[in-house]
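Report on the structure given below.
None of the figures in this text is laboratory data; all of them are computed from the coordinates on show. This one's a predicted model, so the numbers in the text were calculated from it and none came from an experiment. Glycine gets a Cβ as well: all are built from the backbone with ideal geometry, and neighbour counts include every protein chain shown.
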Amino acid sequence: MERRNFIKNIMAVSAVAVTVPNSLLAEETEKAKVSKAPAVKGPNDMPLADAIKAITDGKEVKESDKIKLTVPEIAENGAVVPVKVEVESPMTEEDYVKSIHILNTKNSNSRCADIMLTPANGKAYFSTRVKLAETQEIVTIVELSDGTFMKAGKSIKVTIGGCG
Amino acid sequence: MAEKRKSMIKIKPKKYKVGDIVKVDFIVIHPMDTGMAKDKKTGKIIPAHYINDITFSFDGKPFTKMKIWESVSQNPYFSVNMKVTGKGKITVDYTDNLGEKNSKSKKVKPKKA
Amino acid sequence: MKKIVLTLALTGTFVLAGEQYSMSAADKKMYEEMLENNPADIFVSDGEEIFEEEFGGEESLAKFLDVSEKDLAKYIAGFPRYVKKMGNVVGLDQVLQAMEVEQGKKKDALDSEKIFNTSAYVKSLANDLPVSIDVKENKEIENSFALGKKLYNTRRGYRGLSCNSCHSLPGSVLRTQSLPSLGGANAGGTWPAYRMTLSKLVTLQERSRGCMKDAGQEPLPLGSKEMVALEVYITNLAKENKKVVTIPGLKR
C-alpha cells in the first residue's frame, strides 16, 4: 500500500538527513546574520574589546579555571539564554570577588551585566538570562579584591527554529 | 514604596539558619526593550526601556549592586547568594533607563540552630 | 502525488533522537533549573488575585461546578470536562467565562491576559495531582475524544501535515528544535505555560493555534468544539503517560 511505503520512506529519508544537518545549520545561521543585522543603532553599542578595556583599564586578564561558567551548548531560544557564573573564593574581607561581568561577542552592545559583590554574599555566584541575536560566545570577566582580573568564555549555538 | 511593577523575591532553601548561605532570586516583569526592535504593527522602533540598576540590601545595608544592560532577557531573573546573619529584611531597589524606580522586599526568618 | 512529495521533503529535515542536535543532559538540567524561576509564576499569582477578588475564589468555582470545595482540586485535574450546566465539553478558560456571564459581568475574551492568567492559577490548584481526564465518563466527552483523535490524525493545510506527523515520535527534532511527543512531554499537564519566544503565559489551545499557523494550517478558534476536542485528546495522552499537573510550564 502506498501509505506503508510512504512511512518507510520517512525513516529512510530521516536516516539520510543525519549527514545533512551541519551545512543546513550553517546556511540558516548565515541567513539569520544577514536578516538580523541591525539597521538601527542601539543606545549602548559597544564592541567587546572596548567593553573589556573599560572594565579592566587595560590590565592583564588571564583565563582561570577558578571560574565555572555554565551556559547551554545550544540555546532552546535566543531570547532567553540562561547564564551562570560561580567563582572559587573565600569571600572574606581580605580575599573576595569584587565583581563579575557578563559580556557577549556578537550583540551590538557586548555588555550584559556588571555585578558588584561583597563578602556578605558568602559565595561568588550570579545567574541571569540573556538575549543572544546569533551564535556567539559569552565571556565573563571577574575582578578580585586584590585588583587582579580573570576570565572565561563559552560558545552557544543560537539557530532559527524549525517551527514556531 | 508602592510597587508599580510586578516582581518576586525567592529565598532558597525555604528553611535556613544563621550562618547558612542562601540563594536570593529576583524575577521582575519588565519589557527590557533594546531600542532596536520594530513594532510589528506600526513599523516604528520601540524605544529602549530596560532595567539598568539594581541594589540588593539587607536591613538597609547594600550587599550587591548590579549594572544591567538591554541584552538581558525580557521579564528578567537575577540570582545571587547571601550569608544569613539574622532576622531581617531583604530589599531589592531597581530603576530603569526611563527613570522609573521600584522596590520589593522579603522577610528573612532564620530557624533556630 | 504532489502532497506526498512535499511532505517527504519536509520530513527529510527531521532528525531522530540521539543525533547531534538533541539536547544534552547538561543543557536539560539548565532548562529544568529555569523552571524554578519561571516569570509565569508572577502571572499565575496575578491570576490568583483576580480569581479571589473577581470570581469569588474556590468557593464560587466549586459551587458553579457543583462539587465540594474538598474535591475541587481533584475535579480540576480532570479537565476538559462535560459541564452539564454549560451543555458542552469545555476547558477551564470557558468555565471562567461562563462564571462571568452568570455573575452578570462582561465576558472576557478567551485569549485575554485575564483568562490566560486566571485559568492558569485555577489549574495550578491541581498541581502534583495526576492528570485524570476520563474520556469514557459520559457520551459527550466520548464524542469529544473521538473528534479530537480524528483531528489529531487528519492532514490539513498546504503542507499536508497532521499533528501526528510531527508529534508522534519521542525525540524528534526539526533543525535543532524539539518536536515533543505530546503524551510523554506532558502537554496536558504543563500548559498553560510561559513561552520564551513570546515572553508570555498562554494556554495549550493558544499555543496550538501558533503551531497550526506555522504548519500551514488554518488555526482552529479558541473554545471551538474542534479545539476543545483536540485538547481532550492531547490531555488524555498525558494521562496515558501517567503524568502529573505542573503549572505553570516553561516552553520555547
(message) For Cα pairs less than 8 Å apart in space and 6+ apart in sequence, what is the mean separation divided by the residue count of the range A:44-156, i.e. the relative contact order in percent?
(response) 34
(message) So the label point goes 7 Å from the Cα of B:K101 along Cα→C-beta, right? Which residues of the range B:36-62 then have their backbone N under 14 Å from it?
(response) B:53-55
(message) Please list, short to long, the whole-number percent of alpha-carbon pairs of the range C:120-246 in consecutive 5 angstrom bins beginning at zero.
(response) 2, 11, 18, 25, 24, 14, 5, 1, 0
(message) Going Cα to Cα from C:K106, which lysines come in below 18 Å? Please leave out same-chain ones fewer than 8 positions away.
(response) C:K114
(request) Run the numbers on chain C and let me know its relative contact order in percent, using alpha-carbon pairs under 8 Å that are six or more apart. (result) 27
(request) Compute the Cα gyration tensor for the range A:83-164, then decide on rounded, prolate or oblate, letting a ≥ b ≥ c be the square roots of its eigenvalues: rounded whenever a/c is under 1.5, prolate when a/b is larger than b/c in the other cases, and oblate in all that remain. (result) prolate
(message) Could you work out the percent of alpha carbon pairs in the range B:7-108 separated by over 18 Å, rounded to a whole number?
(response) 50
(request) Please report, to one decimal in angstroms, the Kirkwood hydrodynamic radius of the protein assembly as shown built from all distinct Cα-Cα pairs. (result) 25.2
(message) Give the average, rounded to an integer, of partner chain Cβ atoms located within 10 angstrom of each Cβ in C:194-203.
(response) 4
(request) First measure r as the distance between the Cβ atoms of B:A37 and C:Y158, then evaluate 1/(1 + (r/R0)^6) with R0 = 22 Å and state the FRET efficiency to the nearest 0.05. (result) 0.15
(request) Apply 1/(1 + (r/R0)^6) to the Cβ-Cβ distance of A:A49 and A:D95, taking R0 = 22 Å, and write down the FRET efficiency to the nearest 0.05. (result) 0.15
(message) Let me spell out the model: positive unit charges on the Cβ of Lys and Arg, negative unit charges on the Cβ of Asp and Glu, origin at the Cα centre of chain B. What dipole size does that give, in debye rounded to 20?
(response) 840
(request) Quick one: plug the Kirkwood hydrodynamic radius of chain C (C-alpha pairs) into Stokes-Einstein at 25 °C, 0.890 mPa s, and report D in µm²/s. (result) 130
(request) Show me C:221-231, A:148-158 ranked by packing, highest mean number of other Cβ atoms within 10 Å first. (result) C:221-231, A:148-158
(request) Assuming R0 = 22 Å, can you tell me the calculated FRET efficiency for the pair B:K14 and C:E69, based on Cβ-Cβ distance, to the nearest 0.05? (result) 0.25
(request) Could you size up the charge dipole of the range A:44-156 around its Cα centre, putting +1 on the beta carbon of Lys and Arg and -1 on that of Asp and Glu, and report it in debye to the nearest 20? (result) 300
(request) Provide A:S145, C:S144 in ascending order of the number of other Cβ atoms located within 10 Å of each residue's Cβ, fewest first. (result) A:S145, C:S144
(request) Evaluate peptide B:28-36: per residue, the Cβ atoms of other protein chains within 10 Å of its Cβ; return the mean as an integer. (result) 5
(request) Please give the average number of partner chain Cβ atoms lying within 10 Å of the Cβ of each residue in A:108-117, rounded to a whole number. (result) 6
(message) With n ≥ 4 as the cut-off for DSSP H runs, can you work out [θ] at 222 nm for the protein assembly as shown, using -39500 (n - 2.57) per run divided by the number of residues, rounded to the nearest 500?
(response) -9000 deg cm²/dmol
(request) Could you pull out the pairs from C:K139/C:K242; C:K123/C:K243; B:K6/C:K123; C:K85/C:K225; A:K98/B:K107 whose alpha carbons sit more than 19 Å apart here? (result) C:K139/C:K242; B:K6/C:K123; A:K98/B:K107
(message) Please compare each pair in A:K68/C:K28; C:K74/C:K251; B:K106/C:K28; A:K123/C:K200; B:K4/C:K29 to a cut-off of 22 Å on the Cα-Cα distance and tell me which ones are over it.
(response) C:K74/C:K251; B:K106/C:K28; A:K123/C:K200; B:K4/C:K29
(message) Based on alpha-carbon centroids, what's the gap between the range B:7-40 and the range A:88-124 in Å, whole number please?
(response) 17
(request) Could you size up the charge dipole of the protein assembly as shown around its Cα centre, putting +1 on the beta carbon of Lys and Arg and -1 on that of Asp and Glu, and report it in debye to the nearest 20? (result) 780
(message) Can you compute the modelled spin-label distance between C:E226 and A:E88, with each label point 7 Å from Cα toward Cβ, in nm?
(response) 6.1
